[in-house]
Amino acid sequence: MSLHPSSRLSIAALVVLTFAGIVHVAGEVRLVNSSATVPNAGRVEVWDPDTSEWLAVCANDWDFDAGQVVCKELGYPGTTLVKIQSEYGDGGPGKSIGGFDCTGDEAYLLSCTSNDPNDEPCGASYTAGVVCAAPGYEGCKMEMNDNSRIFKTLTSITDNTVEKCIEFAKARQDGSPILYAGVLGEECSYGLKNPENIASLPAVDDSMCDTACPGNPDQRCGGSGLISVYSVNGGFCSGPVLSNGEQVVQPTPDFFYFGTVVDFTCNPGFELQGAPSVQCVMGSSGTAQVTWNNFTPECFAADMTTSKATAHPGGNGAEPGTAPPGGNGVDAGLVLGILNTVILVTSAIAIGIYCSVIRCRKREGSPALPDGHARTGSVEKNSGDEDDQKPTASPPGPDHGVVQQQELREYSTVIIDDGESSTARDTRTNSQPHLYEQPTVRKN
């Protein structure tokens, strides 16, 4: 059965990071098995809703137009090059699909005509791949001669790449911002002659910029009379901040360009809470904006992630008024408080019952008095109904006290990065772990 857009799986675009290879998914197409710091490249696979599996795309009839559709569908701003020799692996022994015929204007790969799915794999060295332009790409612009040059300043970088040229341009912002940079072979240009005119400059199809960058053959640095233009700020994530720890940035230290991976470790005496690594990837909105694929973790003092060793009258091993960080264990103070309350209430009830029985026995065993005398606390019997019988006032019984429970208060731990003792505050609406005060007994 041929795959068709009408059978497309309705799932939102998402990014999944695995360090065995990057997987960038958008609904029914994904790129897999690229290196960890290049999420914009990989083997092309499409989703088959009939069999609920991913199918490797074979390289028969695979061309730049088809690659453009894939990059567009994934939200990238352009296409760099296509692969046809299983550069990102063969895709295993599963099913496959091929024969895609695209014009390059389609919004989805499955809108292109194609062959029916095949029960056999594509075969050795015959699986399709693509490299998409990184976020911030503005297009392949015409720059035929010195009179038509877009930029004012040019420098030469022997091992030039898109990232190196952008980094070079960013470092030379002296008062006036540099918004764009261009790459053409070893040339790195920056400083627009007409900053307001970048979008209206003549552009050609991405396939025309076919000169490999000297420092990265999977990138394109312009072409004959053409220059590849990038936004200097468009492909960067904000630098993560980790207190009480260290971070290792790949591939370029302190340079958080698209694809950058940051690994986190904590200083001795601190424990990491959160993801140990994050990557700068495409945003999930389907635009060319970038974002970290996870939140920056935090390093907490080790003694803040376990219960305090110092005991207090509540008996829970924590400082008075402080809930144990993490809140996953049983609160000993709460258990003891409940037990004490149950014992006290039970004792009060038992004493009350005992005293009532003693009074009844005393009344039953008292000698009869002569007629005309009344016994204090007795009930006179008359010929009326029981409802008309009224007891006389009895003396108050022994003062055994009344058990009163204090209102239980909730607290949440405030964690301090420097490892000092935490404090507590009343937070009745907070969902943090609770610490209850021990009920007390008051006598009336």
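Yes or no, residue by residue, for (1) in the same structural domain as residue 195 (by TED's automatic domain parsing); (2) modelled with pLDDT of 95 or more:
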{"position": "212", "(1), (2)": "yes, yes"}
{"position": "221", "(1), (2)": "yes, yes"}
{"position": "236", "(1), (2)": "no, no"}
{"position": "239", "(1), (2)": "no, no"}
{"position": "250", "(1), (2)": "no, no"}
{"position": "257", "(1), (2)": "no, no"}
{"position": "264", "(1), (2)": "no, yes"}
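Only one residue in 70, 38, 82 is in a strand (DSSP E or B) and not polar (S, T, N, Q). Which one? Show your work before the answer.
Numbers: 70 fails: in a strand (DSSP E or B); 38 fails: in a strand (DSSP E or B).
Among 70, 38, 82, only 82 is in a strand (DSSP E or B) and not polar (S, T, N, Q).
Residue-by-condition table, conditions (1) over 32 Å from the mean Cα position of the chain (by Cα); (2) surrounded by 21 or more Cβ atoms within 10 Å (Cβ to Cβ); (3) aliphatic (A, V, I, L, M):
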{"residue": "44", "(1), (2), (3)": "no, yes, yes"}
{"residue": "49", "(1), (2), (3)": "no, no, no"}
{"residue": "97", "(1), (2), (3)": "yes, yes, yes"}
{"residue": "111", "(1), (2), (3)": "yes, no, no"}
{"residue": "147", "(1), (2), (3)": "yes, no, no"}
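I need the full set of residues from region 104-161 which are touching a helix residue (DSSP H, G or I) at 6+ places or on another chain (Cβ under 6 Å), in a strand (DSSP E or B) and within 30 Å of residue 172 (Cα to Cα), in order please.
Kept after step one, since they are touching a helix residue (DSSP H, G or I) at 6+ places or on another chain (Cβ under 6 Å), are these residues of region 104-161: 104, 106, 108-111, 130, 132, 140, 157.
Adding the requirement that they be in a strand (DSSP E or B) leaves 130, 132, 140.
Result: 132, 140.
Kindly provide the set of residues from region 267-299 that are assigned to a strand (DSSP E or B) and either buried (at least 20 other Cβ atoms within 10 Å of the Cβ) or of a type in the set (Lys, Arg) (or both), ordered by number. Explain how you work it out, then say what you get.
At the first step, the residues of region 267-299 found to be assigned to a strand (DSSP E or B) are 270-273, 277-282, 290-292, 298-299.
Selection gives 270, 278, 279, 280, 281, 282, 290, 299.
For the list (1) touching a Gly at 6+ places or on another chain (Cβ under 9 Å); (2) in contact (Cβ under 8 Å) with a residue 40 or more places away in the chain; (3) not in a loop (DSSP other than H, G, I, E, B), I need the number of the one condition that residue 264 fails.
(2)
Among the residues of region 159-206, which ones are of a type in the set (Asp, Glu) and in contact with a Lys or Arg (Cβ under 9 Å, 6 or more places away or on another chain)?
Quick first cut of region 159-206, residues of a type in the set (Asp, Glu) only: 159, 163, 167, 174, 186-187, 196, 205-206.
Once the filter is applied, which keeps residues that are of a type in the set (Asp, Glu) and in contact with a Lys or Arg (Cβ under 9 Å, 6 or more places away or on another chain), region 159-206 yields only 206.
Which residues, counting only those in region 73-85, are surrounded by 21 or more Cβ atoms within 10 Å (Cβ to Cβ) and either assigned by TED's automatic domain parsing to the domain that holds residue 220 or polar (S, T, N, Q) (or both)?
Passing the criteria: 79, 80.
Starting from region 165-178, take each residue that is touching a residue at least 40 places away in the same chain (Cβ under 8 Å) and list its partners that are assigned to a helix (DSSP H, G or I), counting only C-beta distances under 8 angstrom and pairs at least six apart or across chains.
Listed by first residue and then by second, the contacts come to 178/169; 178/170.
What pairs can you find where one residue is in region 62-89 and in contact (Cβ under 8 Å) with a residue 24 or more places away in the chain, the other is outside any loop (DSSP other than H, G, I, E, B) and of a type in the set (Phe, Trp, Tyr), and their Cβ atoms are less than 6 Å apart, with a gap of 6+ or different chains?
Filtered contacts from region 62-89: 77/137; 78/137; 82/64.
The values are calculated or read from the model by the stated rules, or taken from the named source; none is laboratory data. What you see is a predicted model, and the numbers here were worked out from it, not measured in a lab. Ideal geometry is used to build each Cβ from the backbone, glycine not excepted, and the neighbour counts take in all protein chains shown.
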